[in-house]
Ligand code: PLP
């Protein structure tokens, strides 16, 4: 933060930062697995594009950011980590309400690797509820700029807990399935994959599923998916940097197909983790 490396307990931002007061911020999260960043370039591309679109300015070039992220992980000593880079609007020294006068702030941190699904859920599949909550539409907030507009997703989570499920999917403004708190969703039907196209964050794990499908010759497209189609799918899985590819075996209390983790999901999960050893998709952390 502000050019210094600190223990997490000392990393604090001003209460006047627009990132806190107005969610005026963008961020990205990349993971480190066995000492290697996974697809760091794609995360940096998305982060820098978001900063640019929000008309913020970073105090560092791309190469410096990559080095700072690596230093955070190296200083933490973690071999598997969840690494966040954030740019907030910051605040104005004169208390101006004009965002152009704010001094933007860059923050990065590394914490232990975290997953949406725990070990048991990865083995038996997640139980998901579809919330009636509508995801903030792309006309309001561009979802390709990764953001902290999460009140819809958090409401979805509480709806899911009340329905006895473990996590949530929310809808888009047309009533189709959008995404969940920190993940995209895929359906598998007759060996073909589909993921929502409209109003969702273009996830790097989602992109990775497309890349893996191209490698193994599975058709995959982005298009609308209604709740009924989701529930009638052969297989359903979610994707996130926080956990990778994670199976879903119950939706709104009913099993997906036979309620077992499906073969396509399993194949993609295995391939996803194997790809972490691929030099083309990995960047080593510079540990001392
Ligand atoms: N959708 C939302 C709203 C997210 O916050 C995230 C990740 O945090 C994702 C999808 C998944 O994106 P990625 O695969 O890049 O982690």
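Worth pointing out:
- Count of segment 245-268 residues which are within 27 Å of residue 80 (Cβ to Cβ) and touching a residue at least 40 places away in the same chain (Cβ under 8 Å): 11
- Among residues of segment 58-77 that are under 22 Å from residue 25 (Cβ atoms), those with a beta-carbon under 6 Å from a residue that is assigned to a helix (DSSP H, G or I) at least six positions away or on a different chain give the pairs 58/51; 62/44.
- Criterion (within 14 Å of residue 225 (Cβ to Cβ), away from the ligand (no atom under 16 Å from the Cβ), more than 18 Å from the chain's Cα centre (by Cα) and surrounded by fewer than 21 Cβ atoms within 10 Å (Cβ to Cβ)) met by exactly one of 190, 164, 175: 175
- Evaluating residue 50 against the criteria (1) surrounded by fewer than 21 Cβ atoms within 10 Å (Cβ to Cβ); (2) in contact (Cβ under 8 Å) with a residue 60 or more places away in the chain; (3) more than 25 Å from residue 199 (Cβ to Cβ) leaves one unmet condition, (3).
- Hey, residue 227 within 23 Å of the chain's Cα centre (by Cα), assigned by TED's automatic domain parsing to the domain that holds residue 186 and away from the ligand (no atom under 16 Å from the Cβ) or not: yes
- Filter result (closer than 16 Å to residue 185 by Cα and in contact with a helix residue (DSSP H, G or I) (Cβ under 9 Å, 6 or more places away or on another chain)) within segment 204-218: 204, 205, 207, 208, 209, 211, 212, 213
- Within the option set 21, 42, 16, being in contact (Cβ under 8 Å) with a residue 12 or more places away in the chain, assigned to a helix (DSSP H, G or I) and surrounded by fewer than 20 Cβ atoms within 10 Å (Cβ to Cβ) holds for one residue only, 42.
Conditions (1) in a strand (DSSP E or B); (2) surrounded by 17 or more Cβ atoms within 10 Å (Cβ to Cβ); (3) within 16 Å of the ligand (Cβ to nearest atom), marked per residue:
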{"residue": "94", "(1), (2), (3)": "no, no, no"}
{"residue": "114", "(1), (2), (3)": "no, no, yes"}
{"residue": "120", "(1), (2), (3)": "no, no, no"}
{"residue": "133", "(1), (2), (3)": "yes, yes, yes"}
{"residue": "140", "(1), (2), (3)": "no, no, yes"}
{"residue": "153", "(1), (2), (3)": "no, yes, yes"}
{"residue": "160", "(1), (2), (3)": "no, yes, yes"}
{"residue": "169", "(1), (2), (3)": "yes, yes, yes"}
{"residue": "185", "(1), (2), (3)": "yes, yes, yes"}
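- Checking every residue in segment 193-205 against the condition of being surrounded by fewer than 22 Cβ atoms within 10 Å (Cβ to Cβ), assigned to a loop (DSSP other than H, G, I, E, B) and more than 16 Å from the ligand (Cβ to nearest atom) gives zero matches.
- Search result, residues across segment 248-260 that are within 15 Å of residue 185 (Cβ to Cβ) and either away from the ligand (no atom under 16 Å from the Cβ) or outside the structural domain of residue 162 (by TED's automatic domain parsing) (or both): 249, 250, 251, 252, 256
- Residue count for segment 206-224 under the criterion of being under 25 Å from residue 258 (Cβ atoms) and within 12 Å of the ligand (Cβ to nearest atom): the result is 1.
- Being touching a helix residue (DSSP H, G or I) at 6+ places or on another chain (Cβ under 7 Å), in contact (Cβ under 8 Å) with a residue 60 or more places away in the chain and over 20 Å from residue 148 (Cβ atoms) is a property that does not hold for residue 89.
- Flag for residue 148 being at pLDDT 95 or above and away from the ligand (no atom under 16 Å from the Cβ): no
The values are calculated or read from the model by the stated rules, or taken from the named source; none is laboratory data. Predicted model, so just to flag it, every value in this text is computed and none were measured. Because the Cβ atoms are built from the backbone with ideal geometry, glycine has one as well, and the counts that use them run over all protein chains shown.
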